[in-house]
Amino acid sequence: MTRGDDATLEQIVKQLNKLADVMKVQDFREGEYVDRELVLVKVAVDSKTRAEVMQITDIFRAKIVDVQPKALTIEITGNESKIEKFLDLMKKFGVMDLTRTGKVASRASRS
């Protein structure tokens, strides 16, 4: 997601359309849309912190996708605010690795 004046946005669209992997560029300036981000985060754990990390993961409706003796890899999706709050909580345990998709967006369905 990006912001800017019409000339800036037009330039961004032109540059994105030149990329081979871009299938379609949509302008969401008007109308409602839904945006989400996917994050995989590997968090350091030990026997004392594992249960707490698992509990926070559950509260945020995230999913543990890999379990190692000293680490958990967690998948979380949501808006930027949810992701940032979750990552802030994980910092105290030790973030070993982090991969983010960046925001993806879609027009909100009309009911």
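Given the criteria at pLDDT 80 or above, in contact with a helix residue (DSSP H, G or I) (Cβ under 6 Å, 6 or more places away or on another chain) and either surrounded by 10 or more Cβ atoms within 10 Å (Cβ to Cβ) or part of a loop (DSSP other than H, G, I, E, B) (or both), does residue 43 qualify?
yes
Just give me the residues in region 53-63 being more than 16 Å from residue 101 (Cβ to Cβ), out of contact with any helix residue (DSSP H, G or I) (no Cβ under 6 Å at 6 or more places or on another chain) and open to solvent by less than 70 Å² (accessible area, probe 1.4 Å), in sequence order.
53, 57
Considering only region 1-39, how many residues are modelled with pLDDT of 75 or more, of a type in the set (A, V, I, L, M) and within 15 Å of residue 107 (Cα to Cα)?
1
Among what's in region 52-111 and is part of a strand (DSSP E or B) and over 14 Å from residue 40 (Cα atoms), pick the residue that is nearest to the chain's Cα centre (by Cα).
We begin by selecting, within region 52-111, every residue part of a strand (DSSP E or B); these are 63-68, 71-78, 95-100, 104-107.
Add one more test, that the residue is over 14 Å from residue 40 (Cα atoms), and what stays is 68, 104-107.
Numbers: 68: 23, 104: 9, 105: 12, 106: 15, 107: 18 Å.
Looking at residues that are part of a strand (DSSP E or B) and over 14 Å from residue 40 (Cα atoms), I get 104.
Considering (1) open to solvent by 60 Å² or more (accessible area, probe 1.4 Å); (2) not in a strand (DSSP E or B); (3) not charged (D, E, K, R), say which one residue 34 fails and leave the rest.
(2)
The values are calculated or read from the model by the stated rules, or taken from the named source; none is laboratory data. All of these numbers come straight from a predicted model, not from anything done at the bench. All Cβ positions, even for glycine, are placed from backbone atoms using ideal geometry, and neighbour counts span all protein chains on display. Heads up: the accessible areas ignore ligands, DNA and RNA and are worked out on the full protein's heavy atoms, side chains in. Shrake-Rupley method; radii C 1.70, N 1.55, O 1.52, S 1.80 Å.
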